[in-house]
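> To start, I am sharing the structure in question, which I have written as structure tokens.
The values are calculated or read from the model by the stated rules, or taken from the named source; none is laboratory data. What you are looking at is a predicted structure, and each value in this text was computed from that prediction instead of being measured. Here the Cβ positions follow ideal geometry from the backbone for every residue, glycine too, while neighbour counts run over all protein chains shown.
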Amino acid sequence: MSGAPLAALLAPVIEPGFFAGEDVRVAIVVGAVVAIVSGTVGVFTVIRGQSFAGEALGDLNTPGGSAAFLVGVAPLWGFVAVSVVAAAVMELIGIQRPRGRDLATGIVLGAGLGVAALLLYLDSTVHNTTGATFTILFGSVFTVGSATIPLVVLLGMAVLGIVAALYRPLLLSSVSAEMAAARGIHVRALGAAYLLALALAVALAAMTIGAILSTALLVGPAATALRLTRRPGRAIALAGLLGAAAMWLGILLAYDSFAWSSAGTGWPVSFFVVTLIFLAYLLSGLPGLLRRRSGGS
Amino acid sequence: MTRRDEQIPGLEQLAGGEEILSVQGISVRLSGREVLREVSFGIRPGEFTGLIGSNGAGKTTLFRVILGLQSASAGQVLLDGRPRSHRNPLIGYVPQKFLLDPDMPLRARDLVGLGIDAHRFGIPLPSRARRALIDQMLQAVDADRFGDARVGQLSGGEQQRVLIAHALIARPKLLLLDEPLANLDLRAAQEVVALLARIAAEQQIAVLISAHEMNPLLPVMDRIVYLAGGRAASGTTAEVVRADVLSELYGSHVDVLNVHGRVLVVAGAGDASDLHGHEAALPGMEIVQ
């Protein structure tokens with residue numbers, strides 16, 4: 001098939017010039033890296049029952065991003081710094097004990113969001129703009145800039161490296177911490193290393209779809225993948241693919257949405273990405289639902 | 001507690017050589033309370049030993065000491081004649097209360113495979129040898145039918161089989177199982193017990209299994225370690241499950257009744273008023289009115 005008819009076929013979907021802009025190309029690369037990293041870490045987040053910790057780390061990126069904006073550096077630096085510090089504090093005040101975990105998470109979350117309230121207020125008064133608040137909370141993958149790509153890739157590789165190295169001990173300790181400890185695995189150190197990977201993944205997600213929505217990219221594709229496969233390796237691959245697909249389709253729809261209204265303003269990418277992830281999750285539940293229906297009758 | 005090994009007739013034929021596990025005068029204090037007091041016993045290869053005691057008698061604590069997850073305030077544990085090292089490939093372990101999320105993306109064969117090399121870094125590479133070893137182990141525990149099912153969706157008895165395969169695949173010499181029969185119905189419990197007895201005999205593995213009820217284990221138990229009040233009595237069931245031995249252990253008079261092949265340990269007639277007070281402390285006891 002030659003290129004011309006294909007382009008004509010896709011013309012109504014992919015607006016002419018979609019791949020022409022640098023901001024779109026950067027968004028496509030960064031979005032894919034971030035989605036794959038989030039999906040990989042997300043599978044372990046879901047099976048370890050640490051979705052709340054993931055959500056909290058995501059929300060806690062708000063003060064990080066707003067502080068970076070105030071100082072005038074790229075938000076990603078703020079996201080990464082605060083994420084890692086927050087993960088360390090959670091670890092120190094007892095996230096490892098299942099009973100203390102939610103409490104520790106909640107306390108750190110509350111304190112962090114209090115700081116965020118101040119910083120976001122300062123952002124909007126000092127810089128006299130409300131754009132910062134929206135960018136930090138709900139992301140802006142189109143404004144990332146090509147200079148950030150190496151850092152994004154580097155952080156992404158670091159996270160994937162941690163998960164690959166710790167794959168087997170992580171899996172066993174997710175099944176039973178006791179069984180892992182009995183085999184001589186340092187469960188505490190393992191949990192801390194995993195939390196670091198989670199913090200970095202969430203920081204990357206915060207930059208693309210926003211601090212508040214980063215959990216959606218972390219947990220959504222992973223939860224969908226867990227319904228579709230019973231093998232851990234496939235669940236990770238599938239979560240990464242689903243996340244990347246949602247990200248790319250979201251970027252495309254956001255780009256298209258510029259043409260939808262006469263005002264010439266597009267809808268946020270984050271809205272499309274999160275909606276697509278949610279729809280995929282709902283759809284993945286259908287086979288199980290149908291099986292239960294037919295089994296019950 | 002005195003050790004009774006020497007008094008047991010016929011033990012020499014039963015035992016296959018030196019002790020694989022030797023627990024010597026172990027005492028454990030947890031937040032000021034003495035949970036275990038001078039517990040001593042030994043296990044030889046191929047022996048099936050029941051660790052019997054009510055909830056809170058210290059069974060799990062004793063397991064944690066043997067595994068090296070809990071330090072003892074006195075005494076020592078020898079594995080194959082040597083002090084225990086941090087990660088010990090000699091021990092296979094099946095924990096208590098294993099409840100896995102039904103959605104966990106882990107097949108029975110994946111969990112068995114983790115038994116080979118879960119402590120290693122990196123991602124396991126699939127190989128024919130690895131697959132064959134896992135298949136062989138699933139067959140050994142009669143779990144090949146559900147090898148490809150999600151572990152979390154298996155029944156309690158099926159999960160126990162998978163966990164036993166997970167523990168056995170690393171070729172341990174000692175298998176520790178913490179209350180493996182607790183959530184099983186009678187038939188599933190009998191099947192698991194028969195499987196463990198077969199494994200102990202065929203592979204010359206020492207099996208130490210904890211339970212609050214001794215009756216399901218009576219047909220296969222070579223030796224018993226009876227825990228009460230932090231102290232232990234060990235020997236054959238005939239040696240240990242006796243009114244005088246258990247009365248000394250409990251520190252109050254108990255009777256051992258044999259009813260239709262079931263052993264019941266009950267508070268003695270002289271202490272009838274204390275019957276309900278001791279109810280929880282007497283494993284295997286049924287109130288006889």
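> For segment B:121-168, enumerate the residues that are assigned to a helix (DSSP H, G or I) and among the polar types (S, T, N, Q).
Residues satisfying the conditions are B:GLN136, B:GLN139, B:GLN153, B:GLN159, B:GLN160.
> Quick one: in segment B:110-136, of everything that is more than 9 Å from chain A (Cβ to nearest Cβ) and more than 23 Å from A:THR229 (Cβ to Cβ), which residue is surrounded by the most Cβ atoms within 10 Å (Cβ to Cβ)?
B:LEU133
> Condition first: β-branched (Val, Ile, Thr) and either at pLDDT below 85 or within 19 Å of A:ALA235 (Cβ to Cβ) (or both). Now tell me which residues in segment A:263-297 satisfy that.
A:THR265, A:ILE277
> I've got another one for you. Of the conditions (1) within 13 Å of chain A (Cβ to nearest Cβ); (2) within 22 Å of B:LEU21 (Cβ to Cβ); (3) among the charged types (D, E, K, R), B:LYS173 clears all except one; give me its number.
With respect to (1) within 13 Å of chain A (Cβ to nearest Cβ); (2) within 22 Å of B:LEU21 (Cβ to Cβ); (3) among the charged types (D, E, K, R), B:LYS173 is out only on (1).
> Does segment B:72-103 hold any residues that are in a loop (DSSP other than H, G, I, E, B), without any contact (Cβ under 8 Å) to a residue 24 or more places away in the chain and either at the interface with another protein chain (Cβ under 9 Å from one of its Cβ atoms) or surrounded by fewer than 16 Cβ atoms within 10 Å (Cβ to Cβ) (or both), and which are they?
Those that are in a loop (DSSP other than H, G, I, E, B), without any contact (Cβ under 8 Å) to a residue 24 or more places away in the chain and either at the interface with another protein chain (Cβ under 9 Å from one of its Cβ atoms) or surrounded by fewer than 16 Cβ atoms within 10 Å (Cβ to Cβ) (or both): B:SER85, B:HIS86, B:ASN88, B:LEU99.
> Which fully enclosed helices (runs of 4 or more DSSP H) of segment A:204-297 have 3 or more residues being buried (at least 20 other Cβ atoms within 10 Å of the Cβ) and within 14 Å of chain B (Cβ to nearest Cβ)?
Of the helices (runs of 4 or more DSSP H) lying wholly inside segment A:204-297, those with at least 3 residues that are buried (at least 20 other Cβ atoms within 10 Å of the Cβ) and within 14 Å of chain B (Cβ to nearest Cβ) span A:214-228, A:232-256.
> Restrict the check to segment B:200-212 and report whether at least one residue is more than 14 Å from chain A (Cβ to nearest Cβ), β-branched (Val, Ile, Thr) and either touching a Ser or Thr at 6+ places or on another chain (Cβ under 8 Å) or surrounded by fewer than 18 Cβ atoms within 10 Å (Cβ to Cβ) (or both).
Within segment B:200-212, one or more residues are more than 14 Å from chain A (Cβ to nearest Cβ), β-branched (Val, Ile, Thr) and either touching a Ser or Thr at 6+ places or on another chain (Cβ under 8 Å) or surrounded by fewer than 18 Cβ atoms within 10 Å (Cβ to Cβ) (or both).
> Does B:PRO95 satisfy the condition of being over 23 Å from A:GLY233 (Cβ atoms), modelled with pLDDT under 90 and not assigned by TED's automatic domain parsing to the domain that holds B:ALA197?
Considered against the rule, which asks whether it is over 23 Å from A:GLY233 (Cβ atoms), modelled with pLDDT under 90 and not assigned by TED's automatic domain parsing to the domain that holds B:ALA197, B:PRO95 comes out as yes.
> Which members of segment A:152-170 meet the condition of being buried (at least 17 other Cβ atoms within 10 Å of the Cβ) and either within 21 Å of the chain's Cα centre (by Cα) or farther than 16 Å from A:VAL41 by Cα (or both)?
Once the filter is applied, which keeps residues that are buried (at least 17 other Cβ atoms within 10 Å of the Cβ) and either within 21 Å of the chain's Cα centre (by Cα) or farther than 16 Å from A:VAL41 by Cα (or both), segment A:152-170 yields A:VAL152, A:LEU155, A:GLY156, A:VAL159, A:LEU160, A:ILE162, A:VAL163, A:LEU166, A:TYR167, A:LEU170.
> Applying the selection to segment B:118-148, what residues are within 25 Å of the chain's Cα centre (by Cα) and over 28 Å from B:ALA197 (Cβ atoms)?
Scanning segment B:118-148 gives a single hit, B:HIS119.
> What number of residues in segment A:125-141 are more than 16 Å from the chain's Cα centre (by Cα) and surrounded by 15 or more Cβ atoms within 10 Å (Cβ to Cβ)?
Qualifying residue count for the region: 2.
> Give me the residue from segment A:34-63 that is part of a helix (DSSP H, G or I) and over 16 Å from the mean Cα position of the chain (by Cα) and, out of that set, farthest from the other protein chains (Cβ to nearest Cβ).
Across segment A:34-63, the extreme among qualifying residues is A:PRO63.
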